[in-house]
Amino acid sequence: MAAIVTGLIPILRTAVDSTATYKARTVWFGLLCIRLVMIFLAQFPWKALNEDFQCNGTETICTKFCFNKHFDQSIIMTWHFLFILLVLSVLLMEMYSSHVRSSILRKKQKEMVSHTEEGDSVDPTVTVGGKMMIDLHNSKKSVLVYLFSVILRIIVEGLFVYILLYLVLPKVSENIYLCDAHEFDKCSPVHQCVVRGVAEKRMSVLSLLFISALVIIYSGMFCLYSICHYLC
C-alpha cells in the first residue's frame, strides 16, 4: 500500500498545484489514479504465478521449462509499461500548457517594457480561479495538440485491450495445458499442466478491461465533442 500511495501523491499534486490548466484536466489525472490503483490490485493474483503453475511431472526442471514456454511474455511488466505510456500521453498536454503559459508570460513582460498596446495578438488563455486556462476556442493549434494527446491515449488503451484479450486471458484458461518437453532426457515427452487461481486471475484481467473500455469510451466522446465544438 505504501507503493501505491507514493505513486498517487505526485499525480494528485500535479493535478491540483498547477498555475496552468485546460479542459477536463482533472478527469485525465483522475483516470490515471484509478488505473494505478487497479493495476496495483490486479497484480496480486499474479505475484505467485511460478508457484501456481503445476505439472504432473516430478522433475522441477520440467515444470520450469513448461512454465517458461507457457508464459513466454512478462505480464506485470507489460501492464506497467503501458501505464507509463498513458502517463506520457497526459504529460504531452502538460508540457504544451506549460509552453503556452511561458510564452504568454514572456509576451506580457515584453509589452510592459516596450509599452506596446495590448490586443495585437490573440491570447490563447483565460484566467479562471486564479489559474491560466487554455482557451480552446481561440487556439486551433491547442485543440489539435489536445486531440493528438487524447487519440494517443486511445491507441495505448486499445493496445492494452488487445494484450489482455489475446495474450493474457488465453494463458489462464481452465483447460489443461499440454507441454512438449522432449528436449530434456529426464522429462516425459508430454506434460499436463494447469494454473491455479484461474478465477482470480481472470477477474483481475476483466477489471483492467473495464477500466480500459471506460477510458476509450470517454476519450472517444471527448474527441467528438472537441471536433464539433471547437473545430466545426
Residue under question is Gly220, and the condition is that it be at positive phi and at pLDDT 85 or above; does it hold? no
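Yes or no, residue by residue, for (1) within 23 Å of Met95 (Cα to Cα); (2) open to solvent by 50 Å² or more (accessible area, probe 1.4 Å); (3) in a helix (DSSP H, G or I); (4) at pLDDT below 65:
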residue	(1), (2), (3), (4)
Leu12	yes, yes, yes, yes
Val27	yes, yes, yes, no
Leu36	yes, no, yes, no
Pro45	no, no, yes, no
Lys69	no, yes, yes, no
Asp72	no, yes, no, no
Met77	no, yes, yes, no
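Has the stretch 80-96 got at least one residue that is in a loop (DSSP other than H, G, I, E, B) and open to solvent by 80 Å² or more (accessible area, probe 1.4 Å)?
To start, the set of residues in the stretch 80-96 that are in a loop (DSSP other than H, G, I, E, B) comprises none.
The answer is no; no qualifying residue exists.
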Across (1) in contact with a helix residue (DSSP H, G or I) (Cβ under 7 Å, 6 or more places away or on another chain); (2) within 30 Å of Ile61 (Cβ to Cβ), Ile151 clears everything bar (2)
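Can you tell me which residues in the stretch 188-202 are hydroxyl-bearing (Ser, Thr, Tyr) and under 17 Å from Leu49 (Cα atoms)?
Let us first name the residues in the stretch 188-202 that are hydroxyl-bearing (Ser, Thr, Tyr), namely 188.
Of everything in the stretch 188-202, nothing turns out to be hydroxyl-bearing (Ser, Thr, Tyr) and under 17 Å from Leu49 (Cα atoms).
Let's see how each residue does on (1) open to solvent by 70 Å² or more (accessible area, probe 1.4 Å); (2) of a type in the set (A, V, I, L, M, F, W, C); (3) in contact with a His (Cβ under 9 Å, 6 or more places away or on another chain); (4) over 16 Å from Trp79 (Cα atoms):
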residue: Glu174; (1), (2), (3), (4): yes, no, no, yes
residue: Ala181; (1), (2), (3), (4): no, yes, yes, yes
residue: Lys186; (1), (2), (3), (4): yes, no, no, yes
residue: Val194; (1), (2), (3), (4): no, yes, no, yes
residue: Gly197; (1), (2), (3), (4): no, no, no, yes
residue: Val205; (1), (2), (3), (4): no, yes, no, no
residue: Ile217; (1), (2), (3), (4): yes, yes, no, yes
residue: His229; (1), (2), (3), (4): yes, no, yes, yes
Taking first residues from the stretch 75-90 that are under 14 Å from Leu31 (Cβ atoms) and second residues anywhere that are exposed (fewer than 15 other Cβ atoms within 10 Å of the Cβ), the pairs with Cβ under 7 Å that are 6 or more apart or on different chains are Leu82/Leu159
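The values are calculated or read from the model by the stated rules, or taken from the named source; none is laboratory data. In this text, all values refer to a predicted model and were calculated from it rather than measured experimentally. We place every Cβ from the backbone using ideal geometry, glycine too, and count neighbours over all the protein chains shown. Note: accessible area is taken over every heavy atom of the protein model, side chains too, but ligands, DNA and RNA are not part of it. Shrake-Rupley method; radii C 1.70, N 1.55, O 1.52, S 1.80 Å.
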